[in-house]
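S.K.: Sharing a structure here in structure tokens format.
The values are calculated or read from the model by the stated rules, or taken from the named source; none is laboratory data. Please read all numbers here as calculations on a predicted model, not as lab measurements. Counting neighbours? That spans all protein chains shown, and the Cβs are built from the backbone with ideal geometry, glycine included. We work out accessible area using only protein heavy atoms, side chains counted, and drop any ligands, DNA or RNA first. Shrake-Rupley method; radii C 1.70, N 1.55, O 1.52, S 1.80 Å.
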Amino acid sequence: MKKNWWKILAIALLIYTILAGMLLDVPRLSILNETIRNQHFHVTMWFGMIILLTGSMVYAIKYLSSGNLDFDDKSIALANSGILFGVLGLVTGMLWAKYAWGDWWSGDPKQNSAAICLLIYFAYQILRNSLTDEQQRGRISGVFNIFAYAAMIPLLFILPRMTDSLHPGNGGNPGFNFYDLDSKLRVVFYPAVIGWTLLGVWIAELKLRSKRITRALED
Amino acid sequence: MVSRLVANIIYLHRHMKNSSLITLIKKEFLSEWRQRYALNGIILYLASTIFVCYMSFNLKVGIIKPITWNALYWIIILFTATNAVAKSFIQESQGRLLYYYSLVKPEVFIISKTIYYGLLMIVMALIGLIFYSFVMGNPVQDLPFFLVVVAFGSLGLSSALTMVSAIASKAPNSHTLVAILSFPTLIPLLLIVIKLSKSALDGLDRSGSIDEFVTLLAINVITFTLSYLLFPYLWRS
């Protein structure tokens, strides 16, 4: 029970996110109006994805420096749940864009970057699956993981800022940047980030445990 | 083929003691020169691609807008780079790689490959530019700056592709892998390069492009450093 406190925390935070995110009062901004509630789901899932993928990259480094296959399992499990949150973030974003911008896909720089980022991680999966030897697979996909992460950072954080984006907070749109993030939003925003991240780690942990069992059965 | 390999090995042995980096770069040039059909192949690939683009755009000089001209040029360079650099590791036989392994440090090996393919890609991009301007017209207004962008863009492309080809060469379906691993990872670089060369095309004031140029340099440095740090781990397998 002691070890499971964070799972209970994850459930509690997510129930809170859904209830408070839907019901609490939100600031009135032009264009956004009630759709601002989507930031408790869409933006926070992206935050979760970035944290999970960072974790995956850290375990890839650990694997490369130690050669312990357990780190490789952790790395791939975290990358998988990161991809899951990436897809969910993209879908929730598109749903929101349909109502805020009038189209599912508007060719916004951030939308494009997000799609490219997913392409990189899908390529990572293909690379992993095409290698059979476990040690070799760990090493090569670990190397690509670090390489991909380094390519993802300019893609998500630098390039979209160099052009105008339709996204709230860019190009004169009313937004919820960190500076003007209303305190009403903050009380839901940060718990939601933690909640989604913990859920991702939980999914990764389940996959990791089933992997360990398979490995033990094989030996 | 066998005699070539033996000659290569003797050459390496004789010169390795002096300076392994320069020797390895020399060796790359030498083996490229001996297999001129591969080099000519790349040039012909470049020429045919440009010709296909030229034919597809109705055979008229100056019919396309600068923005299309620019994008098309970089797409041609991207595909040429993928083809030229992809062979850097895939063509090397396992035995020969093992032999290099016993002679030099992996860091030296990756640096020599990156430098060699960087130079090769700069030359290819220039040949491509000349031929491309010949058939499609040349709307570039700030040519010196455009050439600088081409040089750094080619360096970035080749260093990322050398690393990706090293990764992909370990897997069975390496040719497909090179494309799917490299295209998404190269997009940040390509976007910056296209933006910079567009400014050069329009002859905009250079001071306006400093931010992007610094980003381009930073991406180059990051890719190069990562290859340097990560390659030894690939080498071991």
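S.K.: Criterion first (within 14 Å of another protein chain (Cβ to nearest Cβ), open to solvent by 20 Å² or more (accessible area, probe 1.4 Å) and not basic (K, R)) does A:I51 satisfy it?
M.R.: Considered against the rule, which asks whether it is within 14 Å of another protein chain (Cβ to nearest Cβ), open to solvent by 20 Å² or more (accessible area, probe 1.4 Å) and not basic (K, R), A:I51 comes out as no.
S.K.: List the number of the failed condition for A:A115; all other conditions in (1) under 19 Å from the mean Cα position of the chain (by Cα); (2) more than 10 Å from every other protein chain (Cβ to nearest Cβ); (3) among the aliphatic types (A, V, I, L, M); (4) surrounded by fewer than 21 Cβ atoms within 10 Å (Cβ to Cβ) hold.
M.R.: (2)
S.K.: Okay, next question. Quick one: which of A:Y63, A:Y99, A:Y59 is of a type outside the set (V, I, T) and without any contact (Cβ under 8 Å) to a residue 60 or more places away in the chain?
M.R.: Just a single option satisfies the conditions, and that option is A:Y59.
Residues checked against (1) within 13 Å of chain A (Cβ to nearest Cβ); (2) assigned to a helix (DSSP H, G or I); (3) under 15 Å from B:A218 (Cα atoms):
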{"site": "B:Q141", "(1), (2), (3)": "no, no, no"}
{"site": "B:F145", "(1), (2), (3)": "no, yes, no"}
{"site": "B:G153", "(1), (2), (3)": "no, yes, yes"}
{"site": "B:S159", "(1), (2), (3)": "yes, yes, yes"}
{"site": "B:V164", "(1), (2), (3)": "yes, yes, no"}
{"site": "B:A171", "(1), (2), (3)": "yes, no, no"}
{"site": "B:H175", "(1), (2), (3)": "yes, yes, no"}
{"site": "B:A179", "(1), (2), (3)": "yes, yes, no"}
{"site": "B:P188", "(1), (2), (3)": "yes, yes, yes"}
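S.K.: Being modelled with pLDDT of 85 or more and open to solvent by 10 Å² or more (accessible area, probe 1.4 Å): is that true of A:K110 here?
M.R.: no
S.K.: Restricted to the range A:172-197, and to residues that are open to solvent by less than 20 Å² (accessible area, probe 1.4 Å) and outside any helix (DSSP H, G or I), which residue is modelled with the highest pLDDT?
M.R.: Looking at residues that are open to solvent by less than 20 Å² (accessible area, probe 1.4 Å) and outside any helix (DSSP H, G or I), I get A:L181.
S.K.: For the list (1) open to solvent by 60 Å² or more (accessible area, probe 1.4 Å); (2) in contact with a Ser or Thr (Cβ under 9 Å, 6 or more places away or on another chain); (3) of a type outside the set (D, E, K, R), I need the number of the one condition that A:W104 fails.
M.R.: Unmet for A:W104, out of (1) open to solvent by 60 Å² or more (accessible area, probe 1.4 Å); (2) in contact with a Ser or Thr (Cβ under 9 Å, 6 or more places away or on another chain); (3) of a type outside the set (D, E, K, R): (2).
S.K.: Let me ask something else about it. Report, by residue number, each residue of the range A:103-124 that is part of a helix (DSSP H, G or I) and without any contact (Cβ under 8 Å) to a residue 40 or more places away in the chain.
M.R.: A:Q111, A:N112, A:A115, A:I116, A:C117, A:L118, A:L119, A:I120, A:F122, A:A123, listed by residue number.
S.K.: Now, a different point. Here are some conditions: (1) within 8 Å of another protein chain (Cβ to nearest Cβ); (2) polar (S, T, N, Q); (3) outside any helix (DSSP H, G or I). B:T215 meets all but one. Which one does it not meet?
M.R.: The failed condition is (3).
S.K.: What are the residues in the range B:190-211 that are facing chain A (nearest Cβ under 9 Å) and within 25 Å of A:L118 (Cβ to Cβ), if any?
M.R.: If the condition is that a residue be facing chain A (nearest Cβ under 9 Å) and within 25 Å of A:L118 (Cβ to Cβ), then B:L191, B:I192, B:K195 are the ones that fit.
S.K.: Could you list, in sequence order, all residues of the range A:126-144 that are more than 8 Å from chain B (Cβ to nearest Cβ) and touching a residue at least 40 places away in the same chain (Cβ under 8 Å)?
M.R.: Once the filter is applied, which keeps residues that are more than 8 Å from chain B (Cβ to nearest Cβ) and touching a residue at least 40 places away in the same chain (Cβ under 8 Å), the range A:126-144 yields A:R128, A:E134, A:R137, A:G138, A:S141.
S.K.: Please specify each residue of the range B:195-218 satisfying the condition of being of a type in the set (A, V, I, L, M, F, W, C), open to solvent by less than 30 Å² (accessible area, probe 1.4 Å) and under 19 Å from the mean Cα position of the chain (by Cα).
M.R.: Across the range B:195-218, the qualifying residues are B:L196, B:L216.
S.K.: Another question, then. Please pick out the residue among A:L95, A:L84, A:L23 that is open to solvent by 60 Å² or more (accessible area, probe 1.4 Å) and under 27 Å from B:I180 (Cβ atoms).
M.R.: Selected residue: A:L84, the only one of A:L95, A:L84, A:L23 that is open to solvent by 60 Å² or more (accessible area, probe 1.4 Å) and under 27 Å from B:I180 (Cβ atoms).
S.K.: Restricting to the range B:18-36, name every residue that is closer than 19 Å to B:A81 by Cβ and open to solvent by 50 Å² or more (accessible area, probe 1.4 Å).
M.R.: Correct list: B:F29 only.
S.K.: Given the criteria open to solvent by 50 Å² or more (accessible area, probe 1.4 Å), at pLDDT below 85 and either part of a helix (DSSP H, G or I) or not aromatic (F, W, Y) (or both), does A:N38 qualify?
M.R.: no
S.K.: Right, something else. Residue check: is B:S182 out of contact with any Ser or Thr (no Cβ under 8 Å at 6 or more places or on another chain), modelled with pLDDT of 85 or more and within 16 Å of B:W74 (Cβ to Cβ)?
M.R.: Here the answer is no, as B:S182 does not meet what is asked.
S.K.: Still on this model: Name every residue in the range B:109-139 that is open to solvent by 30 Å² or more (accessible area, probe 1.4 Å), in contact (Cβ under 8 Å) with a residue 40 or more places away in the chain and in a helix (DSSP H, G or I), in order of residue number.
M.R.: B:I111, B:I115, B:I127, B:F131
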